[in-house]
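Step one of this worksheet: look at the structure below.
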């Protein structure tokens with residue numbers, strides 16, 4: 001190692017997120033909370049390969065996906081990195097159809113890849129936290145209501161107090177478009193979906209360009225401006241006299257979901273219908289979800305998803321309807337850190353207790369540490385040479401809350417002297433009572 | 001979705017592992033246990049990008065690595081998927097040197113990629129579970145002892161009873177080779193490392209081909225055959241009169257580690273010196289570790305690692321000595337499943353309790369489920385139409401231990417009737433006492 005060698009500049013690719021310990025710990029805590037919440041609803045873990053066959057991943061796609069995907073060859077294989085967790089789910093369910101129990105409720109927390117143009121808060125490698133409920137042939141609308149409850153519990157458990165889960169229904173929108181004489185519902189949907197970005201005037205212009213007459217456009221803009229509690233919206237929708245079966249089914253579905261909200265334990269104040277929500281993706285066919293932090297609307301939707309009729313039509317002729325949502329955790333974490341809502345904890349470790357052996361006390365210290373660990377205290381022993389001050393600085397820098405310097409006295413008396421680094425208080429306790437003492441104070 | 005479309009065969013690439021839920025749950029449990037153990041020793045989480053710059057990942061390498069790596073271009077970038085977690089650690093520590101507190105104790109549990117020839121139990125995408133302790137300029141040998149303790153706790157916590165952690169020391173081996181007149185210690189090390197694969201006769205032959213004389217070879221073979229408790233080995237090594245400083249330092253280091261074993265809470269019966277352990281990788285410079293399941297020696301070492309002098313010499317001139325180990329979890333899981341030690345739990349979900357609403361009891365059921373969840377019970381509600389028998393079959397197929405069918409009587413009386421699916425017993429409890437009841441029985 002002593003020879004002269006070239007030093008390569010240590011760096012990562014632009015557009016990739018890498019966290020220092022203090023942030024990583026917060027990130028992991030959020031990820032753990034999401035996982036635990038998903039599991040509390042009986043979602044089953046899935047972990048698929050990051051690399052798949054290109055022909056499988058790109059069975060349906062085109063446009064941006066194809067441009068952004070990381071695709072390459074290795075030997076004779078044409079490979080690609082997954083760009084979401086939905087396509088791998090579709091492939092998995094089709095592939096293992098006979099081995100799964102339906103409805104198949106799965107969660108998947110993992111990385112996905114898109115070679116997007118680098119921009120603030122957009123990452124080329126990002127964590128998605130997805131749940132989906134996939135039915136075999138049919139899937140009751142009550143599942144769509146449960147999804148609202150999962151979103152609610154997840155954001156509550158993440159520590160958010162002020163957020164709103166908004167839903168809409170694509171059948172309602174499609175039926176509405178048709179009743180207004182639209183022939184190109186897909187294009188109208190895309191245009192409506194842009195309303196927050198481009199504003200109602202621009203939407204009006206584009207809709208007229210799509211061939212809608214002005215009256216119809218005004219009516220449409222009035223309806224999609226509706227938003228609020230189901231009690232106020234649903235009767236109004238029924239009163240409009242829109243004679244389209246798809247529209248009516250959409251309203252019925254919204255009503256059915258709304259009826260379950262309180263029983264599901266969701267605070268009704270955090271739940272709204274919002275008729276302009278369309279979701280860009282064309283595979284949604286019913287309920288669509290978006291979630292907003294009320295104090296930070298600029299973040300956009302922090303949890304979105306919807307109902308689809310056919311999850312896996314590219315891979316199987318089985319009819320597999322489903323409903324699901326996704327949290328883009330890397331992006332959410334980045335945004336929350338930018339606005340100062342997460343981070344700066346002062347803890348760059350999850351260690352609870354640092355032992356510092358002084359003099360010939362190593363063996364006593366090591367066994368005290370083993371004991372503490374066995375009682376659930378994350379424990380380190382400072383193993384290296386150096387001045388005592390430097391060792392306390394180590395604890396300070398990492399934000400370790402308790403430090404026990406171990407000298408001859410402690411060994412003779414079978415005690416430990418613990419300093420609470422937050423208050424400076426110091427107390428001597430019996431070796432056997434240490435865990436109890438720390439657990440009470442931490 | 002009703003149009004005729006091409007169906008792409010849903011499949012994954014060969015050499016990639018994908019688990020069905022029953023196995024995935026076991027896999028995740030192992031992963032969680034490893035993580036929790038690593039954290040109990042104060043290791044800090046790190047999560048680096050899977051894709052890095054090729055020039056960084058391949059700063060030092062060649063041979064198999066270069067052939068096996070997944071490398072490709074995207075735009076102007078030359079990219080590669082990481083093939084281990086050590087190179088990214090080295091890059092990270094060099095890049096963030098000024099922002100880290102040393103000794104830097106990190107764990108990293110993540111996927112790595114090698115396009116190896118597919119063979120049984122070898123995967124192209126695999127989980128590594130690594131810990132390393134990286135010092136700034138120096139790192140006490142006591143850290144090497146602690147690593148033994150981490151291996152011990154990890155395998156205990158994974159539920160293994162009969163395993164042996166074996167250590168050796170590269171200084172001891174290097175010194176020994178030199179004292180026996182070897183000029184090419186690296187080649188001799190590689191040859192010794194193969195002894196379990198090719199046998200002592202073949203090793204003898206190769207060592208003679210490398211220019212060692214026959215007496216030296218016999219002496220070497222006798223020494224590397226030594227294995228057992230430190231008490232029996234270390235005095236013998238000292239008596240041999242090998243007058244080489246590196247050899248003596250190696251023996252001292254082994255002795256120092258051995259002295260700490262009991263204090264560290266490690267069962268001395270599970271700890272041995274084994275002088276033939278060399279580890280193929282050339283960057284180890286001191287202690288080397290291997291771990292064997294005594295009933296399944298055919299698995300090879302299930303946890304290996306060692307001490308290195310310079311972690312990041314490709315990226316920085318800072319001296320960063322370290323010591324670490326790695327568990328190849330995908331391979332380990334596969335092997336354990338093959339020999340029947342893990343898997344077949346009968347649980348394809350982590351759900352504790354399934355509610356089945358009968359008749360008009362949905363709202364009561366949903367609120368009972370929300371209550372159960374809030375008390376830590378993983379709870380599902382069967383939301384879909386169908387016969388009661390089919391719903392119980394769902395619970396049976398997934399291995400859900402408790403099922404509560406909810407009828408009008410339960411709603412009127414504020415009770416729940418819970419069936420223990422394992423025993424068939426059924427009991428009616430107050431809605432508020434449900435969580436307590438389940439927790440007591442699960």
- List the number of the failed condition for residue A:375; all other conditions in (1) under 19 Å from residue A:429 (Cβ atoms); (2) in contact with a strand residue (DSSP E or B) (Cβ under 6 Å, 6 or more places away or on another chain) hold. (2)
- Query: If a residue has to be closer than 19 Å to residue B:282 by Cβ, assigned to a helix (DSSP H, G or I) and over 28 Å from the mean Cα position of the chain (by Cα) to count, how many in the stretch B:187-219 make the cut?
  - Reply: 5
- Query: So which residues in the stretch A:268-285 are assigned to a helix (DSSP H, G or I) and in contact (Cβ under 8 Å) with a residue 60 or more places away in the chain?
  - Reply: A:270
- Among the residues of the stretch A:285-313, write down those that are within 11 Å of another protein chain (Cβ to nearest Cβ) and in contact with a helix residue (DSSP H, G or I) (Cβ under 7 Å, 6 or more places away or on another chain). A:285, A:311, A:312
- Residue that is farthest from the chain's Cα centre (by Cα), among those in the stretch A:382-395 that are more than 7 Å from every other protein chain (Cβ to nearest Cβ) and surrounded by 13 or more Cβ atoms within 10 Å (Cβ to Cβ): A:386
- Please state which one of A:89, A:13 is buried (at least 16 other Cβ atoms within 10 Å of the Cβ), within 8 Å of another protein chain (Cβ to nearest Cβ), modelled with pLDDT of 95 or more and out of contact with any helix residue (DSSP H, G or I) (no Cβ under 7 Å at 6 or more places or on another chain). A:13
- Quick check: anything in the stretch A:423-440 in a loop (DSSP other than H, G, I, E, B) and crowded, with 21+ Cβ neighbours inside 10 Å? no
- Test residue A:67 against the stated conditions and say whether it is surrounded by fewer than 21 Cβ atoms within 10 Å (Cβ to Cβ), at the interface with chain B (Cβ under 7 Å from one of its Cβ atoms) and more than 19 Å from residue A:130 (Cβ to Cβ). no
- When restricted to A:267, A:245, A:282, the only residue touching a helix residue (DSSP H, G or I) at 6+ places or on another chain (Cβ under 8 Å) and under 30 Å from residue B:368 (Cα atoms) is A:267
- Only residues that are out of contact with any strand residue (DSSP E or B) (no Cβ under 8 Å at 6 or more places or on another chain), touching a residue at least 24 places away in the same chain (Cβ under 8 Å) and not in a loop (DSSP other than H, G, I, E, B): list them for the stretch A:6-64, please. A:22, A:23, A:26, A:27, A:30, A:33, A:36, A:37, A:56
- Task: Considering only the stretch B:92-117, state which residues are in contact (Cβ under 8 Å) with a residue 40 or more places away in the chain, within 8 Å of another protein chain (Cβ to nearest Cβ) and assigned to a helix (DSSP H, G or I).
- Result: B:92, B:94, B:95
- Query: Is it true that residue A:56 is crowded, with 20+ Cβ neighbours inside 10 Å, at negative phi, facing chain B (nearest Cβ under 7 Å) and under 22 Å from the mean Cα position of the chain (by Cα)?
  - Reply: no
- Message: Every residue in the stretch B:334-364 that is out of contact with any helix residue (DSSP H, G or I) (no Cβ under 6 Å at 6 or more places or on another chain), more than 9 Å from every other protein chain (Cβ to nearest Cβ) and in a helix (DSSP H, G or I), please.
- Response: B:334, B:336, B:337, B:338
- Query: Taking the stretch A:152-172 as the search range and keeping residues that are within 14 Å of chain B (Cβ to nearest Cβ) and within 19 Å of the chain's Cα centre (by Cα), which one is surrounded by the most Cβ atoms within 10 Å (Cβ to Cβ)?
  - Reply: A:154
- Query: Of the residues A:241, A:265, which single one is assigned to a loop (DSSP other than H, G, I, E, B) and free of Cβ contacts under 8 Å to residues at least 24 places away in the same chain?
  - Reply: A:241
- Task: Kindly establish whether residue B:79 is in a loop (DSSP other than H, G, I, E, B) and over 18 Å from the mean Cα position of the chain (by Cα).
- Result: no
- Please indicate, with yes or no, whether at least one residue in the stretch B:118-125 is assigned to a loop (DSSP other than H, G, I, E, B), on the phi > 0 side of the Ramachandran plot and more than 11 Å from chain A (Cβ to nearest Cβ). yes
- Residue check, residue B:367 against (1) more than 16 Å from residue A:42 (Cβ to Cβ); (2) in contact (Cβ under 8 Å) with a residue 40 or more places away in the chain; (3) outside any loop (DSSP other than H, G, I, E, B), all met but one. Which one? (2)
- Query: Before we move on, is residue A:384 under 25 Å from residue B:100 (Cβ atoms) and in a loop (DSSP other than H, G, I, E, B)?
  - Reply: yes
- Exactly one of (1) under 30 Å from residue B:282 (Cβ atoms); (2) within 14 Å of chain A (Cβ to nearest Cβ); (3) in a helix (DSSP H, G or I) is unmet by residue B:331. Its number? (2)
- Of all residues in the stretch A:207-216, how many are in contact with a helix residue (DSSP H, G or I) (Cβ under 8 Å, 6 or more places away or on another chain) and either loosely packed, with under 13 Cβ neighbours inside 10 Å or modelled with pLDDT of 95 or more (or both)? 1
- Would the stretch A:317-324 turn up any residue that is more than 13 Å from every other protein chain (Cβ to nearest Cβ) and buried (at least 23 other Cβ atoms within 10 Å of the Cβ)? yes
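The values are calculated or read from the model by the stated rules, or taken from the named source; none is laboratory data. Keep in mind that this is a model prediction, so the values were computed, not measured. Note that each Cβ is placed from the backbone with ideal geometry, even for glycine, and that neighbours are counted across all protein chains shown.
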